[in-house]
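Some notes on the structure that comes next.
The values are calculated or read from the model by the stated rules, or taken from the named source; none is laboratory data. Note that the structure is predicted; figures quoted are calculated from it, not measured. Here the Cβ is made from the backbone with ideal geometry for all residues, glycine too, and neighbour counts use every protein chain on show.
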Amino acid sequence: MNDYQFEINLSSTKKQKPAFDQLVFGRNFTDHMFVMDYTEGRGWHDPRIIPYQPLQLDPSAMVFHYGQSVFEGLKAYLTEDQEVLMFRPYKNMERLNRSNNRLCIPAIDEELAVQALRQLISVDHDWVPNEEGTSLYIRPFIISTEPYLGVAASHQYQFIIIMSPVGAYYKEGINPVKIAVQSEYVRAVKGGTGNAKTGGNYASSLKAQEVAEKSGYSQVLWLDGKENKYVEEVGSMNIFFKINGEIVTPELNGSILEGVTRNSVIELIKHWEIPLSERKVSIDEIYEAHKNGQLEEAFGTGTAAVISPIGEFFWNDEKLVINNGETGEISRKLYDTLTGIQKGKLEDKFGWIVKVDEEKAVTSAI
Ligand SMILES: *Cc1c(COP(=O)(O)O)cnc(C)c1O
C-alpha cells in the first residue's frame, strides 16, 4: 500500500511547544509541512516534507486576486496506547477533489495525500497533544500560484498540509450556543460554490457573523439564497433538528457543504434506528415546531466542535429557547460516541479510523 516516497528535509531546530492544556484553536503550528507543486504539462510533482516556513509567492500570484483556492479540515487523535488515529481522512481527500473540480484545480491523488499525511504526522508525532479533549487539527489546502492577472484558471498550484495542536472546542465540555437567524445576507446559492470548501465562501460570510456577534449571538443560521426560507447551515457547520422524535437535516441541494461529521451522524442515527429524514426544512416549520413544543433538540456538526448543541434561535425579534438551553440527549450521545471512536475508546464498527502506523511511514521515508 505504501509505495509513496517523499523527500523529507527535517528541521534543524525544534520549536517550543505550547502547553497542551492551554491550546487555542489554530494558533500554533508543528515543525514541518507537506508541499507538492503542480505545473501544467508535468502534473503534480515533487511531494516533500520540509520545515514549517513562510511561502514565497509572486504578488501577482492568482490566489491573491481571484481566490482560486480550496481547503480541508480533519483531525488526528492520540490514544491511551500512544497510537495516532486519523478520522475518515479518505473522505476529506475525496471532498478536496470535488472542491478542486468546482474551482478548476487539477485533481490530486487521494491515496498519495493520505500517505503524505501519515508521513507528516509521523515526523511531527510529538505535536499530537494528549490532554483530554485535545487533538491535532490538519489543514490541507491548494492555492493557485501562477503570476498572472488574467481571470482564468491558473497553470500552477501548490498543495500544502499544515498541522496545529488544538484544545477542546468548548472548555467545559459541550455547551449550547445561541444562534441568530440571518435573513439579509446569504452564504451560498444553487449553482454557486456552497458545496465546495473554498476560501471565498468564508470571506463572504464574515459580515453576517460580525452582525450576529454584535447582538450577542455566536453564530449565524443560514437560509437558502433564493427564497430565504429553507434552513441550510449554521456558521460553518451542518445542522440537525429533533422534531417530535424524528431527526431532520436539510437535504444536500448543491449549496450545502457535505460534512464528514454530518455523514457520520447520519450513519450513527440509522444504526440506532432512530427515525431520520434528509429533506427541506423551512424556518417557519422550525418556528411552528417550537411553538407546539415539538422542537426537542437542534445541533450543528463539524470537525472542529464535533457536535455543537443549539440552545436558542433568534428570529423575527423572538427568542426560541430549545430544551431549556441545555444539551439534549441525542446531542450528548452523538458527541460521546463520535469522540469515543475518534480517541480509540469505543469500537469502530464503521471502519472510520485510519491508523497512522508510524513504522510503515518511517521505513518508506528513507
Ligand atoms: C467544513 C464545513 C462543514 C463541516 O464539515 P466537516 O467535514 O464535518 O468538518 C460544514 N459546513 C461548512 C460550510 C464547512 O465549511
Subject >> Residue check for Ile239: within 13 Å of the ligand (Cβ to nearest atom), crowded, with 21+ Cβ neighbours inside 10 Å and not in a helix (DSSP H, G or I) >> reply: yes
Original post:
For the range 265-293, how many residues meet the condition of being within 16 Å of the ligand (Cβ to nearest atom) and within 16 Å of Trp222 (Cβ to Cβ)?
Top reply: 1
**OP:** Restricting attention to helices (runs of 4 or more DSSP H) lying wholly within the range 247-366, give those where 2 or more residues are of a type in the set (Lys, Arg).
**Re:** 260-271, 329-342
**OP:** Sort through Ala208, Ala196, Ala203 and tell me the only one that's within 19 Å of Asp317 (Cβ to Cβ), within 13 Å of the ligand (Cβ to nearest atom) and not assigned by TED's automatic domain parsing to the domain that holds Gln119.
**Re:** Ala208
Original post:
Of all the residues that make up the range 242-264, how many are more than 9 Å from the ligand (Cβ to nearest atom) and touching a residue at least 60 places away in the same chain (Cβ under 8 Å)?
Top reply: 5
Subject >> Selected residue (only one of Ser144, Ser164 is assigned by TED's automatic domain parsing to the domain that holds Ala19, touching a helix residue (DSSP H, G or I) at 6+ places or on another chain (Cβ under 7 Å) and crowded, with 18+ Cβ neighbours inside 10 Å) >> reply: Ser144
Subject >> Boolean, Glu267 is in contact with a strand residue (DSSP E or B) (Cβ under 6 Å, 6 or more places away or on another chain) and touching a residue at least 12 places away in the same chain (Cβ under 8 Å) >> reply: no
Original post:
Given the conditions (1) surrounded by fewer than 18 Cβ atoms within 10 Å (Cβ to Cβ); (2) within 26 Å of His32 (Cα to Cα); (3) aliphatic (A, V, I, L, M), and given that Ala153 satisfies all but one, which numbered condition is not satisfied?
Top reply: (2)
